[in-house]
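Below is one structure; the comments refer to it alone.
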Ligand code: NGQ
Ligand code: ZN
């Protein structure tokens, strides 16, 4: 922290803390955007103030194809046929397009209550696989979009080497994702120079399909990988579990735990198909399960074993992944609803009598999301970033709600935005439902997607 002078403050009638609502709370905000106990708040910031939600999994470019893969193609449409549509779409995205799409996406995230995004980024090179003149141009486009919008970012450049568990070469459409280990480590080094309080660089292995064991070992042993978040897609589809078993003789999660020290630095994205033993291994490791319920529903992935995982005190967070929806409350709702639909019961995430589902899920996703981000976020305490959302206390949906019912109504009841104001790094980015730069960013986005559609 460079400047601890308290320059501003927040004052809330109800402030969400880890163990519940704190009444009449004030906190100071330092010049460099952190919370402090020394207060300086005159005017009220709002009646109901929550920590902003970290979004632990995003492929920004996919925002611009949301809704374009919902028409039946082959009779066996699946994740894998969606992936072909996605690859074809990705081929038209360069740095300018990526910046415009990502900025629009990040504005939408902020307005929905996400104040941080983990960007799982693998569109590294030109569409034919040739590096850009500036090799990190695509990463810089994402960094610039985060800077323009003010969202905090954990940039996760992705290592992508092979086209399948058998080590086959990348297909033509995958070539732009590829690096060898040295090239990947150089990219991390180059990006490290851009880090600041709201931008952290982490490690991502695309999947066990895309990263052979030797490459994984080399990256995990590198100096730059120390003390950084490590994200990986894992066990999302049954076909992937079967291929892993056939080629590596173990299921993906089983294999990963046998070959890497999976601990609290790790975020296992999806982790959908788990045996009981694997589920317990994940929970005990301290790793975060990165759940993306709206994308997982959209792609037909399957359901995560939520109740048993919570019983085992597993850590979890949420991501909007393909951005078919951008709403932390919708992710949490579907996390719960998927379980209700298959179990025939209600209030699954709440593990005891009288416990609130909304509070349980919001709290868990704040904790796990913050852990996966590697940033001091997800909490409203001195030393944390001043990243918060203020609910619309005047919404009829929240009328007559109190500390017992507020989070359940926020999570389950609204289809109109209930997030009124959003602060990130001590700055008000969204006021009265509007981001300060949303018009310019939306105009630019529209131009870019119209040009893409005309190609
Ligand atoms: C991705 N998305 O990297 O964008 C993947 C699809 C793959 C999700 N897994 C591609 N949801 O897994 O090979
Ligand atoms: Zn993903």
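The values are calculated or read from the model by the stated rules, or taken from the named source; none is laboratory data. Since the model is a prediction, treat every value here as computed from it, not as a measurement. Methodologically, a virtual Cβ is constructed for each residue, glycine included, from the backbone with ideal geometry; neighbour enumeration extends over all protein chains shown.
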Open item on the list: Based on this model, can you work out whether residue 387 counts as in contact with a strand residue (DSSP E or B) (Cβ under 7 Å, 6 or more places away or on another chain) and over 23 Å from residue 313 (Cα atoms)?
Closed with: yes
- [ ] For residue 286, indicate whether it is more than 12 Å from ligand 1 (Cβ to nearest atom) and either closer than 21 Å to residue 378 by Cα or out of contact with any helix residue (DSSP H, G or I) (no Cβ under 8 Å at 6 or more places or on another chain) (or both).
- [x] yes
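Residue by residue, here is whether (1) touching a strand residue (DSSP E or B) at 6+ places or on another chain (Cβ under 8 Å); (2) surrounded by 17 or more Cβ atoms within 10 Å (Cβ to Cβ) holds:
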position: 123; (1), (2): no, yes
position: 128; (1), (2): no, no
position: 135; (1), (2): no, no
position: 139; (1), (2): yes, yes
position: 144; (1), (2): no, no
position: 163; (1), (2): no, yes
position: 171; (1), (2): no, no
position: 181; (1), (2): yes, yes
position: 186; (1), (2): no, no
Open item on the list: Looking at residue 349 and the list (1) without any contact (Cβ under 8 Å) to a residue 60 or more places away in the chain; (2) within 23 Å of the chain's Cα centre (by Cα); (3) exposed (fewer than 13 other Cβ atoms within 10 Å of the Cβ), which single condition is not satisfied?
Closed with: (3)
Task: Residue satisfying condition, being free of Cβ contacts under 8 Å to residues at least 40 places away in the same chain and loosely packed, with under 14 Cβ neighbours inside 10 Å, within set 18, 74 - done: 74
TODO: Filter the helices (runs of 4 or more DSSP H) completely within the range 261-357 down to those with at least 1 residues that are within 16 Å of ligand 2 (Cβ to nearest atom) and closer than 23 Å to residue 204 by Cβ.
DONE: 293-299, 328-343
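To keep it simple, each residue is scored yes or no on (1) more than 16 Å from ligand 2 (Cβ to nearest atom); (2) touching a helix residue (DSSP H, G or I) at 6+ places or on another chain (Cβ under 8 Å); (3) part of a helix (DSSP H, G or I).
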residue	(1), (2), (3)
81	yes, no, yes
85	no, yes, yes
92	yes, yes, no
97	yes, yes, yes
104	yes, yes, yes
110	yes, yes, yes
119	no, yes, no
Task: Residue count, the range 52-67 (criterion: within 10 Å of the chain's Cα centre (by Cα), away from ligand 1 (no atom under 12 Å from the Cβ) and surrounded by fewer than 24 Cβ atoms within 10 Å (Cβ to Cβ)) - done: 0
Open item on the list: If a residue must be within 15 Å of ligand 1 (Cβ to nearest atom) and out of contact with any helix residue (DSSP H, G or I) (no Cβ under 7 Å at 6 or more places or on another chain), how many such residues does the range 321-347 contain?
Closed with: 0
TODO: Assess whether residue 311 counts as being more than 27 Å from residue 226 (Cα to Cα), within 16 Å of ligand 1 (Cβ to nearest atom) and at pLDDT 95 or above.
DONE: no
Open item on the list: So in the range 236-259, with the set limited to residues that are part of a loop (DSSP other than H, G, I, E, B) and under 23 Å from the mean Cα position of the chain (by Cα), which one is farthest from ligand 2 (Cβ to nearest atom)?
Closed with: 237
